[in-house]
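This report concerns only the one structure given below.
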Amino acid sequence: MREKMFVKVATITRAHALEVRNKRFLFSASLRLCGLVLLFAVAAAAQAPAFEKIDPPSWWVGSTINPVRVLIKGKNLGSARIESATPGITADNFMSSENGNYLFADVRLAETVRPGNYQLRIVTPAGSTIAPFEVFTPQQRLGNYNGFTVDDVIYFVFTDRFADGDQTNNDPPKSKGLYDRKKGRHYHGGDLQGIIDKLPYIKSLGATAIWTTPVYDNADREDTLEVYPPEMPTTTGFHGYGAVDFYGVDEHLGDMAKLREFVRKAHLAGFVVLQDQVVNHTGPYHPWAKDPPTPNWFNGTVEKHDSNNWQKWTAMNPRGTYQTQRRNIDGWFIDILPDLNQNNPEVEKYLIQNSLWWLAQVGFDSIRMDTLPHVPRSFWAKWGAAVHREFPKVNILGELYDSDPVLLSFFQKGRRGWDGLDPEIDTLYDFGLFYPIRNAFAQGKPIREVHQMFARDWIYPRADVLVTFLGLHDMPRFMNEPGATTTGLKLAQTLIMTSRGTPLLYYGDEIAMPGGADPDNRRDFPGGFPGDTRNAFTAGGRTAEENDVWNHLAKLGALRKELEPLRRGRSLDLLDEEQQYAYARLTDKAAVIVIFNNDTKPAEVSFDITFINKQIPIEATLRDALGNLADIKVNDGKVKAMIPARSAGIYVSTK
């Protein structure tokens, strides 16, 4: 009996063990199945596309560019396409980056599409997501996109150093810690509101056009790459030339609404506005630097690239080969700034569209373009043509920091070079004239150098539209030159305000602001910032010497507006001596004669003006419109006068 019981118990025990084992197996299998399902779900979720940014974020119907090429930044965009549920908005020609972080697509807008906010659906085999896209109405043609002319006087504002009109954006949450007025390469608080507030001041000088430093969004962190130890172990993008977002406004300056307000109010006050644009490079902290949209988006990589050698002349060399031109075109500025590859068709489209987008969004009148000789001329020809095709009145002012008029003229619109290209750049800064001006009027060298440079005007397609200046933000100020005086500064101002071209005034030069190399040449304008001990925007806040220079420049501005020959007249040289120079500006109906004595002692000048007797009778009296020098009696068409030391007169006939 006990044996039977034992066998029965043993049988039950084995059966129970088997049942337990089977249950454990099933439970384990269930867990494995759940795990696999979860893994597949996670994998599927990881591969679903994610949207971060779209450039451009908007476009307009009727643009000369249709379709617009969009660049979408995100994740898992490999094999992606774009679908639109909106009639009239279609997309094709898709291209994804190898790592799936970027998607290129052509988005076409039919004429029937109305302005508004739309959705582009990004679709991949693993799922979909939405990219917002706006169809906007460009700024109206009337009152915008007008360009500047020789009738204008340009006032250049270094925005961060001019006036702090809104203290709430000095240390914004997005980029805290970059504001410090004690540090020369940190933000000081100047902004777009500050310029708006000072529009009446700028106008009082006789200026009719405003150029500001770039508004692009710059890095939200201190720059530890461009450093100048031990004084400046870190820097910032206060200057605006280190974009990290070509479609964003830097928060230290304002926002898009404030930018539009500035341009609108400037237009209402009678100004045209130039936008400073950059297509040569990005800032070192642009997301593209470490993750470019295509392998050749830049010329080189952060780890391996050429540094720029500044040999600008190689760009015009007909004997040159790629190897002699490479570093000037492809090299990274100061071995830090990622150099965009404009020979890449995607880069080319991106940059052209970006320029047009800013104009259409804001209503700028002109473009000031940075670093002409470091970008292929083939790109300039396409880019400039695109700007002029979309906005025929918008003109382009190009920067080429070189004294050689042959090189400068090689980049001006109106003549094909040996390469068969017309670069489509309407005008340039007259760096050829800049150096003789500094030499003669600051250092006291012969004024003949100025005359000799004017003699090279024939080299340019349009010398009459060059932009003349005494200084910019990339060089020490006029008053920093050896031997510089306010007397010499006023002579230099007289020259650019009475000679051919469009004169440009660098903020602060109207009060003889000193300043050495960058950033000392970018000092805060006194009275533009909280806590300033004086306000040089007012006569009472300026010294006697500053008021003397300011009043002289304002008088020149008024005379340039009053006397048409100073703006539009032909130029004829009447006298060439080592330290004396005279020229006439003539229209069909009037003439103005300008006489300089740059010597440290009085000098007698004499010359013949019988050949302009239609404008000035052979027996006439010439009056100095500046009110400083004595009248001159014209006898039988001959001018003879004693001109005081280091002085100039602007003479008009009293008949």
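For the range 54-206, the solvent-accessible area of protein heavy atoms averages 43 Å² per residue (probe radius 1.4 Å; ligands and nucleic acids excluded). Only protein heavy atoms count here; under a 1.4 Å probe, Thr485 has an accessible surface of about 60 Å².
Probing with 1.4 Å while keeping every protein chain in the model, the per residue accessible area of the range 557-655 equals 47 Å².
Close amide H partners of Ser96, meaning residues 5 or more places away or on another chain with modelled amide H under 5 Å apart, are Ser79, Phe104.
Would you mind computing Rg(Cα) / (2.2 N^0.38 Å) for the chain, counting N as its residues? Each step should come with its number before you reach the end.
Values: Rg = 32.5 Å, N = 655, 2.2 N^0.38 = 25.9 Å.
In units of the 2.2 N^0.38 Å rule of thumb, it is 1.26.
Packing order of peptides 569-581, 627-639, highest average first: 569-581, 627-639 (average count of other Cβ atoms within 10 Å over each peptide's residues).
Pairs of alpha-carbon atoms within less than 8 angstrom and 6+ residues apart define the contacts here; what relative contact order does the chain have, in percent?
Working: 1413 pairs, mean separation 62.6, N = 655.
After rounding, I find 10 percent.
Rounded to the nearest Å, what's the spacing between the alpha carbon centres of the range 463-499 and the range 616-649? Just the number, please. The range 463-499 and the range 616-649 have Cα centres separated by 24 Å. Solvent-accessible area of the chain (1.4 angstrom probe, protein heavy atoms only): carbon and sulfur portion equals 55 percent. Mean projected area of the Cα convex hull of the range 296-455, taken over all directions, amounts to 11.3 nm².
Working note: Debye formula, equal point scatterers on the alpha-carbon atoms of the range 52-208, no solvent; log10 I(q)/I(0) at q = 0.16, 0.17, 0.20 Å⁻¹ is -0.95, -0.96, -1.07. Peptides 643-650, 599-606, 514-521 ranked from most to least packed, by the mean per-residue count of other Cβ atoms within 10 Å: 643-650, 514-521, 599-606.
Rounded to the nearest whole Hz, the Karplus-based 3J(HN,Hα) values (6.51 cos²θ - 1.76 cosθ + 1.60, θ = phi - 60°) of the range 555-562 follow the sequence 5, 4, x, 5, 5, 5, 6, 6, with x at glycine and proline. With protein chains left intact and a 1.4 Å probe, residues in the range 329-460 average 28 Å² of accessible area per residue. Considering only C-alpha atoms, what is the centroid distance from the range 503-533 to the range 295-325, in Å? If you average the Cα positions of each part, the centres end up 35 Å apart. Of Lys75, Lys561, the residue with the largest accessible area leads and the full order is Lys561, Lys75 (1.4 Å probe).
The string of couplings for the range 487-500 from the Karplus curve (6.51, -1.76, 1.60, θ = phi - 60°) is 4, x, 4, 5, 5, 5, 5, 4, 4, 6, 7, 10, 9, 4 Hz, one whole number per residue in order, with x for Gly and Pro. A helix-only calculation puts the chain at -8000 deg cm²/dmol for mean residue ellipticity at 222 nm, using -39500 (n - 2.57) for each DSSP H run of at least four residues, averaged over all residues. When the alpha carbon gyration tensor of the range 446-544 is reduced to an equivalent ellipsoid, its three semi-axes come out at 29, 14, 13 angstrom, largest first.
Which sequence of Lys290, Lys413 reflects their accessible areas, 1.4 Å probe, from the largest down?
Numbers: Lys290 190, Lys413 70 Å².
Ranked from most to least accessible, the order is Lys290, Lys413.
Taking every alpha-carbon pair under 8 Å whose residues sit at least 6 apart, the range 125-212 reaches a relative contact order of 37 percent. Among 385-398, 218-231, sorting by the average number of other beta carbon atoms lying within 10 angstrom of each residue, highest first, gives 385-398, 218-231.
Each residue of the range 611-623 is assigned a 3J(HN,Hα), and the resulting list reads 6, 10, 5, 5, 8, 10, x, 5, 10, 8, 10, 9, 10 Hz, derived from the Karplus form 6.51 cos²θ - 1.76 cosθ + 1.60 (θ = phi - 60°), x at Gly and Pro.
Principal semi-axes of the equivalent ellipsoid, √(5λ) from the alpha carbon gyration tensor of the range 524-655, are 34, 17, 12 Å from largest down. Note on the range 249-373: the alpha carbon radius of gyration divided by the globular reference 2.2 N^0.38 Å gives 1.24. The mean sequence distance of close C-alpha pairs (under 8 Å, at least 6 residues apart), as a share of the length of the range 501-655, puts its relative contact order at 17 percent.
The Rg/Rh ratio for the range 594-645 is 0.98, where Rg is the radius of gyration of the alpha carbons and Rh is the Kirkwood radius.
The values are calculated or read from the model by the stated rules, or taken from the named source; none is laboratory data. Note that the coordinates shown come from a computational prediction; the quantities given were computed from them, not determined experimentally. Every residue, glycine as well, gets a Cβ built from its backbone with ideal geometry; the counts of neighbours run over all protein chains shown. Only protein heavy atoms, including side chains, enter the accessible area calculation; ligands, DNA and RNA are left aside. Shrake-Rupley method; radii C 1.70, N 1.55, O 1.52, S 1.80 Å.
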